[in-house]
Amino acid sequence: MKVLVTGGGTGGHIYPALAFVKYVKEKVPTASFLYVGATRGLENKILPQTDIPFKTLEIQGFKRSLSFENVKTIQLFFKSIREAKKILREFQPDVVIGTGGYVSGAVVYAAAKMNIPTIVHEQNSVPGMTNKFLARYVDKVAIAFEDAAQFFPKQKTVLIGNPRAQEVGAVEKSDILKKYNLKTDKKTVLIFGGSQGALKINQAVVAAIPAFSTKEYQILYASGERYYQEIEETIGMTKDAFSNISIQPYINQMTEVMVNCDLLIGRAGATSIAEFTGLGLPAILIPSPYVTNDHQTKNAESLVHAGAVKMIRDNELTADNLVTAVDEIMSNEALRNQMAKASKEQGITDASERLFQLVSTLI
């Protein structure tokens, strides 16, 4: 089995692909893989840390305003299609899977035109422009949210979930909280705004620290590298008085930490949702308003309707309503368990297996 995976730009496009590759390697040790990304995407940092062969194409997205750059974008797209066809002829994959981003548009389109079996995987409840474009050419569309089905041809669309949910499901509890000077036998709230942090979340959390410091539960708070020093200076020497709060610039072993927490607070990106629903964690989501099609709000609303999360809009977030929301969940074990159960029901914990079975129908 030869599988070419393509996707890039953000972790939301890359991590599901890597989770699927890992699963197939375990299931079919003789399978071979090639990952095709963009020359300037996050994949250039992540893929070199793996043993997956990696190639890149120069490509860029459209500007939303009239711009000469859009002419260059079209030129690069057609050039990328030509280069993708060369890569496809050399590698001769049995199937091509696109997980989103402009690079997957060129590669999957080229594969479809060469009559190679193709699948796109849509992680969000509202699809991006690339997957909408590709839907008319590919053999199958794999979705992670039922809400996304309305945007794609019914006969091609299959609910498979996000492979990250299956990957994190194998992680077991540990004493990792000790690493952050927290207790392993105390209820724990994990707060983070993504790898870079989120300004609005940081402002609310810093203002809420005096209130959080009086609670029975403990807080593990990842501020993001770029905000950490400023937060340290704001809090000053008083941070030593907050024995139940640990502030970190970044958390490397995020899934292992999640397994040992009782409530998550963060953005509503597809990968985070796959991870915490895969683990059956309740959450308070603060969707980023700075994403295409406001898809994080749509992601969060799907889970609110299921009873798995509570949502606070970014422009409505304050220290007071954050503390109130956390208290409501952490002081009510029945509510917390109910939300956890709903979260687990939303997490498709055999997503990689479902995607593998979908691949098997095409090759």
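The values are calculated or read from the model by the stated rules, or taken from the named source; none is laboratory data. All values reported here derive from a predicted model rather than from experimental measurement. Don't worry about glycine lacking a Cβ; one is built from the backbone with ideal geometry, like all the others, and counts go over all protein chains shown.
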Handout entry: Filtered residues of segment 144-194 (kept if in contact with an Asp or Glu (Cβ under 9 Å, 6 or more places away or on another chain), buried (at least 20 other Cβ atoms within 10 Å of the Cβ) and among the aromatic types (Phe, Trp, Tyr))
Key = PHE145, PHE152
Practice task
Return a yes/no flag: does segment 130-143 have any residue that is surrounded by 24 or more Cβ atoms within 10 Å (Cβ to Cβ), touching a residue at least 60 places away in the same chain (Cβ under 8 Å), not hydroxyl-bearing (Ser, Thr, Tyr) and not in a strand (DSSP E or B).
Solution key: no
Exercise for the section: Mind listing just one residue for me: the one in segment 298-336 that is within 20 Å of GLY347 (Cβ to Cβ) and β-branched (Val, Ile, Thr) and, of those, surrounded by the fewest Cβ atoms within 10 Å (Cβ to Cβ)? Expected result: VAL304
Completion exercise
Of the residues in segment 87-119, those that are assigned to a loop (DSSP other than H, G, I, E, B) and either in contact with a Cys (Cβ under 8 Å, 6 or more places away or on another chain) or farther than 21 Å from ALA144 by Cα (or both) come to GLN92, PRO93, ASP94, MET114, ASN115, ILE116
Practice task
Hand me the list of strands (runs of 3 or more DSSP E) wholly inside segment 1-57 holding 2 or more residues that are among the hydrophobic types (A, V, I, L, M, F, W, C) and more than 23 Å from VAL359 (Cα to Cα).
Solution key: none
Fill in the blank from the handout: Condition set surrounded by 14 or more Cβ atoms within 10 Å (Cβ to Cβ) and of a type in the set (A, V, I, L, M), scope segment 27-48, selection farthest from PHE77 (Cα to Cα): answer is ALA31
Problem - Pairs where the first residue, in segment 111-128, is in the same structural domain as ALA268 (by TED's automatic domain parsing) and on the phi > 0 side of the Ramachandran plot and the second is in a loop (DSSP other than H, G, I, E, B) and among the polar types (S, T, N, Q), C-beta under 9 Å, 6+ apart - result: none
Fill in the blank from the handout: For segment 149-180 the number of residues that are among the β-branched types (Val, Ile, Thr), over 14 Å from ILE348 (Cβ atoms) and touching a Ser or Thr at 6+ places or on another chain (Cβ under 8 Å) is 1
Fill in the blank from the handout: Counted residues in segment 302-324 being within 16 Å of the chain's Cα centre (by Cα) and not hydrophobic (A, V, I, L, M, F, W, C) come to 1
Exercise for the section: Please tell me if GLY224 is under 16 Å from the mean Cα position of the chain (by Cα) and small (Gly, Ala, Ser). Expected result: no
